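Asker: Sharing a structure, written as structure tokens. Questions coming.
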Amino acid sequence: MKMDMQKRTQVKRTLVSQLSPGSPVVEAYRVLRTNLQFATMNYSSRTILVTSPGPAEGKSTIIANLASVCAADGKKCIIVDSDLRMPTQHEILKCHNKIGLTDVLLGRVEPGKALQETPVSGLRLLSSGPVPPNQAELLGSPGMADLIEFLRSAADLIFFDTPPVLPVTDASVLAAKVDGVLLVINVGDVSREAVVQAKQTLEKVNARILGIVLNKAELQGGYAYYHSYYQGGRR
Ligand SMILES: Nc1ncnc2c1ncn2[C@@H]1O[C@H](COP(=O)(O)OP(=O)(O)OP(=O)(O)O)[C@@H](O)[C@H]1O
Ligand SMILES: [Mg+2]
């Protein structure tokens, strides 16, 4: 399937920790956290990859915010930016990308030394590191499996950001190595065919799909009102 990779834009993405705790967006991420808790049987699946059929469906924004609300709930979280083609987590989390995942996989840096603290308490980042030419090979290397074991000992929940699943193989390669996959779908912009194809691609590598996040859905007026009501009255 042809995908417009130019959609993979470098634009502003908001972190929920910058919003007021009563905002409907923050509440939506809390609901997602609860659903994740159920889908993982109280987080017994701890390494979670997030991908989508196509570009710019909201993967990176959702990971940063979902990990933030999990960290706020007392879970030690790590985000690994395994999108080695267009990494954005260091920008969203206001970190650097001088060293990261690729340095660890090439044996240049110890994994513990490459982890960065983020502005969100309880959330650390392993940024992508320098973008390499052989992304899928690196992600499929034995070093990646070793790194995942190390990360399991360092945090409760580890989230992997990836490129979209249909245009390139990186997400499928990694999906085979993690406990579960969340599929983010931009409801307004992605065909049913693309969703089915993404699901089949992941199932071919025996990935366990934990759930689907419907993103960019229209926020119903009623929901916003409801939320506002339960926060203590109309705005
Ligand atoms: N629920 C939403 N409502 C409105 N805009 C959103 C929503 N989720 C994400 N976006 C916006 O969509 C754009 C793409 O988001 P993001 O970079 O998180 O997607 P992505 O799937 O990681 O993209 P890529 O394929 O380039 O890695 C950003 O501008 C982001 O702010
Ligand atoms: Mg992204």
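Asker: Beyond a 24 Å Cα-Cα separation, which of these cross-linked pairs lie in this structure: 59/94; 94/199; 59/204?
Answerer: Too far apart for the 24 Å limit: 94/199.
Asker: Right, something else. Going by how many other Cβ atoms sit within 10 Å of their own, how do 14, 51, 88 line up, fewest first?
Answerer: Ordered from fewest to most neighbouring Cβ atoms within 10 Å, 14, 51, 88 come out as 14, 88, 51.
Asker: As I understand it, the value is the acute angle between the Cα axis of helix 221-230 and the longest principal axis of the Cα atoms of the chain; what does it come to in degrees, rounded to 10?
Answerer: In the chain, helix 221-230 runs at an angle near 80 degrees to the longest axis.
Asker: Got the relative contact order for region 124-206 handy, in percent, Cα pairs under 8 Å and 6 or more residues apart?
Answerer: About 29 percent, as a whole number.
Asker: For a quick check, take a GNM of the chain with Cα springs below 10 Å and name the residue from 54, 143, 100 with the largest mean-square fluctuation.
Answerer: Ranking 54, 143, 100 by mean-square fluctuation puts 143 first.
Asker: Determine the relative contact order of the chain: mean sequence separation of Cα pairs under 8 Å and six or more apart, normalised by residue count, in whole percent.
Answerer: Taking the mean separation of contacting Cα pairs over the length of the chain, I get 26 percent.
Asker: Which one of 167, 21, 111 has the biggest mean-square fluctuation once the chain is modelled by GNM with Cα springs under 10 Å?
Answerer: Largest GNM mean-square fluctuation: 21.
Asker: For region 139-179, just the Cα atoms, rotate onto the principal axes and tell me the three extents in Å, largest first.
Answerer: The principal-axis extents, from largest down, are 32, 20, 13 Å.
Asker: Let me ask another. Please compute, for the alpha-carbon atoms of region 31-230, the extent along each of the three principal axes and give them in descending order in Å.
Answerer: Principal extents (Cα only, largest first): 53, 38, 30 Å.
Only the coordinates and a few stated rules stand behind these numbers; no lab work does. Note that this is a predicted model, so its numbers are computed, not measured. Don't worry about glycine lacking a Cβ; one is built from the backbone with ideal geometry, like all the others, and counts go over all protein chains shown.
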